[in-house]
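Below: one structure, written as structure tokens.
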Amino acid sequence: MDASTTSAQGTSRRGFLTMLAMAPLAGAALSACGTSGPSSSGGGGGGDGAASMWYLSGQPNEKIKTDNLKAWGDANPDSTISVDFFQNDAYKTKIKTAIGAGQAPTFIYSWGGGTLASYAAAGQVLDLTSWFDDATLKGSVLESTYKAGTVDGKIYAYPNENAALILFYYNKKLFKQVGAEPPTTYDELLALVDTFKGAGIAPIALAGQSRWTSMMWLEYFFDRVGGPEVFDAIFAGTADAWSNPDALKALQMVQDLVKAGGFITGFESITADSNADQALLYTDKTAMMLHGSWVYSGIKNDAADFVADGNLGWFAFPPITGGKGDPKNVAGNPAQYMSVSSKATQAQQDIAKAYFTDTTNGIMSETVIDAYVASGQVCIASGIEDKIAASEDKDFLQFAYSAVQDAPSFVQSWDQALSPSTAEALLSNIDQLFSLSITPQQFADNMNATIGQ
């Protein structure tokens, strides 16, 4: 889940996924989502006194980043950073093309994992290891977040922003309407599917057209049925790992849920980038939704009264009877990641590093941290327990923060952990699995063929 999402955007990952203010501002030249990007993108874009960044669109993070870069530009008029915003899927396509052509922006936003490894292998991003050893910023974020930004023991990306774990959201009004409580087991979740259908309410919202949203279900089914070892074998390139009996059982459970009418009718045409799945929850069209922690801030932004009135609830993905996975395990992305293009000029690289280390106006300044916490996001800055406790969203933030802290396993979103080519095959097969156009065995066979690519 890229942000996906990942990204920790309010609308998509990433994020998440998600993840996903347009007027020009001093020090932050903005353009509409999906535009062609900076007018001079080769070698990082701009002149020696300007660096460039591509970033995910969507509130509240788009405004947080806009305000942050304006503050940076005001304080550093000779070292500006321009930014262009893109929706999640459009960004993934554009950055892949730009990196392949050697025309990436100075800052390369990613979710770490396999995609970052491919960038490092191609020599497209700077090895920041020695710089981090000398710099003072390494301890400014949680140490565990560096794993997905590290390739073969070397740091290629600075983790920043927010942790993006996947959890269930539910509409408390609809639960009260049918006399239901949040499920504590998967069997109880299945029973709720029938309860809500009987009341004429769609049980679960799903933006199936975005594909990575469906992937989140597989990540938890695999974990709860077989434990993290099932995907670990896939990640390690073990032959026929997708045919593990626990994997096949998890794949079948997905299709059983589809056949049972667990997801809203027409989920295959709903997209996450448009926030349509979130809207289904807070407009009382669906009772539940499995999504990223970034969605809390998105719903708070788009439906403030729904949250303020106490109608939004949350719970962890429940255990599965007979399953091997620890119910405390979580999936998602531990952070978002910023790399520095190896094609950028030395001046642009210096701007990037200065932006990373500036605690007053930089990427993780106190103002930025406060904005993330205020928007209901699980910021990865270290030593912010007091900020969380003082937040009006402390109930959610402490739930999510504790889930990350206590998780025996934090599975990175598969489409980020795997190589880009394997991830695309995965998303294509997930689409077919959820549409019931292939069987679990066919899914496994198709994915086994990608191992080692």
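The values are calculated or read from the model by the stated rules, or taken from the named source; none is laboratory data. The model shown is predicted, which means the values in this text are computed figures rather than measured ones. With ideal geometry, Cβ positions are generated from the backbone for all residues, glycine too; neighbour counts draw on all protein chains shown. Keep in mind that these areas ignore ligands, DNA and RNA; they rest on the heavy atoms of the full protein, side chains included. Shrake-Rupley method; radii C 1.70, N 1.55, O 1.52, S 1.80 Å.
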### Task
Express in % the proportion of alpha carbon pairs of segment 307-352 at distances exceeding 13 Å.
74
### Query
So how much slack lies between ALA101 and ALA122, counting 0.36 nm per residue of separation and subtracting their Cα-Cα distance, in nm?
6.4 nm
#### Entry: D_trans [Stokes-Einstein, Kirkwood Rh over alpha-carbon pairs] for segment 108-187, 10 °C, 1.306 mPa s, µm² s⁻¹
101
### Task
Give the relative contact order (percent, whole number) for segment 307-396; include only Cα pairs under 8 Å separated by 6+ residues.
14
### Modelled label reach - ASP350, point 7 Å along Cα→Cβ, segment 104-136 residues with backbone N closer than 19 Å
106-107, 126-128, 131-132, 134-136
#### Entry: Length released on extending from THR184 to THR129, taking residue separation times 0.36 nm less the Cα-Cα span
15.5 nm
### Message
Expected output is a single nm value to one decimal: the length gained when fully extending between ASP302 and THR357, i.e. 0.36 nm times separation in residues minus the C-alpha distance. What is it?
### Response
16.5 nm
### Residue-count net charge about SER342 - beta-carbon cut-off 15 Å; Lys, Arg +1, Asp, Glu -1
+1
### Message
Run the simple label-point estimate for LYS324 and ASP386 please: 7 Å along Cα→C-beta, distance reported in nm.
### Response
4.6
#### Entry: D (Stokes-Einstein, µm²/s), Kirkwood Cα radius, segment 50-166, 1.567 mPa s at 4 °C
84
### Query
With respect to the cross-link table entries LYS92/LYS394; LYS65/LYS94; LYS154/LYS328; LYS70/LYS353; LYS285/LYS394; LYS249/LYS324, which display a Cα-Cα separation exceeding 23 Å?
LYS92/LYS394; LYS154/LYS328; LYS285/LYS394
### HN-Hα J in Hz across segment 55-71 - Karplus 6.51, -1.76, 1.60, θ = phi - 60°, x for Gly and Pro
8, 7, 7, x, 8, x, 5, 4, 5, 4, 5, 4, 5, 5, 6, 5, 4
### Message
Leaving out ligands, DNA and RNA, and with a 1.4 Å probe, what % of the accessible surface on the chain is carbon or sulfur?
### Response
51
### Query
What's the Cα-based Rg to Rh of the chain, Rh via Kirkwood?
0.96
### Task
With a probe of 1.4 Å, find how much accessible area the chain has per residue, and write the answer as a whole number in Å².
36
